[in-house]
1. State all residues of the range 20-47 that are among the charged types (D, E, K, R), more than 18 Å from L63 (Cα to Cα) and at pLDDT 95 or above; if no residue qualifies, say none.
2. Whether any residue in the range 20-41 is aromatic (F, W, Y), without any contact (Cβ under 8 Å) to a residue 40 or more places away in the chain and not in a helix (DSSP H, G or I) is what I want to check.
3. Any idea how many residues of the range 6-28 are within 18 Å of M54 (Cα to Cα) and open to solvent by 60 Å² or more (accessible area, probe 1.4 Å)?
4. Checking the conditions here, which among V84, V3 is open to solvent by 70 Å² or more (accessible area, probe 1.4 Å) and either part of a strand (DSSP E or B) or at positive phi (or both)?
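The values are calculated or read from the model by the stated rules, or taken from the named source; none is laboratory data. Since this is a predicted model, take the numbers as computed values, not measurements. So basically every Cβ, Gly included, is an ideal-geometry build from the backbone, and we count neighbours across all protein chains shown. Areas reflect the complete protein model, heavy atoms only, side chains present, ligands, DNA and RNA absent. Shrake-Rupley method; radii C 1.70, N 1.55, O 1.52, S 1.80 Å.
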Amino acid sequence: MAVVTFKIAGRPYKIACADGQENHILKLAHFLDDKANALTKNIGFIPEAQLLAMVSILVAEELLKEKNDLSSSCKSESTEDTQVIQIIENLSTRISELADVLKKS
């Protein structure tokens, strides 16, 4: 098991992770560090626990927005799929009607 050391808003943290996951953990930590630095730049000093809570809220907000956007996208695709199915069914009915007319001729 590997141990990764990183900083968020200048505060050091050390966590264990699976071997080979070190770079992934460091990327995630860098993402959180960017959020924390943006907060402290705009607000000033924030106690560690409050800072981490605020960063967590910001990340959760982004995640929820992405989830909602994806859900909306899937719903619109579902609506489009339903419309395409309806068009195909209408065309199928019309083709059958035309085939019947041609058989009678």
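1. Within the range 20-47, just E22 meets the criteria.
2. Looking only at the range 20-41, we keep the residues that are aromatic (F, W, Y), and these are 31.
With without any contact (Cβ under 8 Å) to a residue 40 or more places away in the chain added as a condition, the list becomes 31.
Imposing the further condition that a residue be not in a helix (DSSP H, G or I) reduces the set to none.
No, the conditions are met nowhere in the range 20-41.
3. Narrowing the range 6-28 to residues within 18 Å of M54 (Cα to Cα): 7-13, 28.
Adding the requirement that they be open to solvent by 60 Å² or more (accessible area, probe 1.4 Å) leaves 7, 12, 28.
Number satisfying all stated conditions: 3.
4. Working: V84 fails: either part of a strand (DSSP E or B) or at positive phi (or both).
Result of the check over V84, V3: V3.
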